[in-house]
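Colleague: The structure under discussion is supplied below as structure tokens; questions concerning it will follow.
The values are calculated or read from the model by the stated rules, or taken from the named source; none is laboratory data. Note that this is a predicted model, so its numbers are computed, not measured. Here Cβ is always computed from backbone atoms with ideal geometry, including for glycine, and neighbour counts include all displayed protein chains.
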Amino acid sequence: MSEGMNEHLANIYGTGGMEKRASAESGLAENLSDLALLMVTDHAQEGSDLTKVAAAHGEKLGFLVEFDQAGRAMAHNEFGQMEKQAAEGDPSALEAFFGEPVDERAALKQALVEEIQRRSR
């Protein structure tokens, strides 16, 4: 993977802040399919067989989706552990994650709002 791939991943996942702000004008991959295509065409020769490029794209996309799902599962598990610690009286991990003391009711409300927004996209 080339050096600039981190910029593409940051654009896809919006890791520059808490909110995703990807745009077509950035010239960066906006989703995993774009990233897979970029990875395949980055190493393809001029005049490559499009069938082979499409097959390679599908393979790369499959790997990226698997990694994405595994990462999301790991993050979900880790966040669940932080919530469990907070429920047991130690909110320090959640406070460190959010960067401020956690008001449990407000945090749950915000998490619900974010999940609804994510699902409506």
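Colleague: Inspect all residues belonging to the stretch 64-78 and state whether any of them is among the acidic types (D, E) and farther than 21 Å from N6 by Cα.
Modeller: Yes, that holds for at least one residue.
Colleague: What residue, of E83, E88, E95, E104, is exposed (fewer than 12 other Cβ atoms within 10 Å of the Cβ), farther than 30 Å from D34 by Cβ, more than 19 Å from the chain's Cα centre (by Cα) and among the acidic types (D, E)?
Modeller: E88
Colleague: Are there any pairs, at least 6 apart or on different chains, whose C-beta atoms fall under 9 Å, with the first in the stretch 72-91 and modelled with pLDDT of 90 or more and the second surrounded by fewer than 12 Cβ atoms within 10 Å (Cβ to Cβ), and if so, which?
Modeller: Going by the 9 Å Cβ cut-off, the qualifying pairs are M82/A96.
Colleague: Filter the stretch 36-56 for residues that are charged (D, E, K, R) and within 25 Å of I12 (Cα to Cα) and give the result.
Modeller: D42
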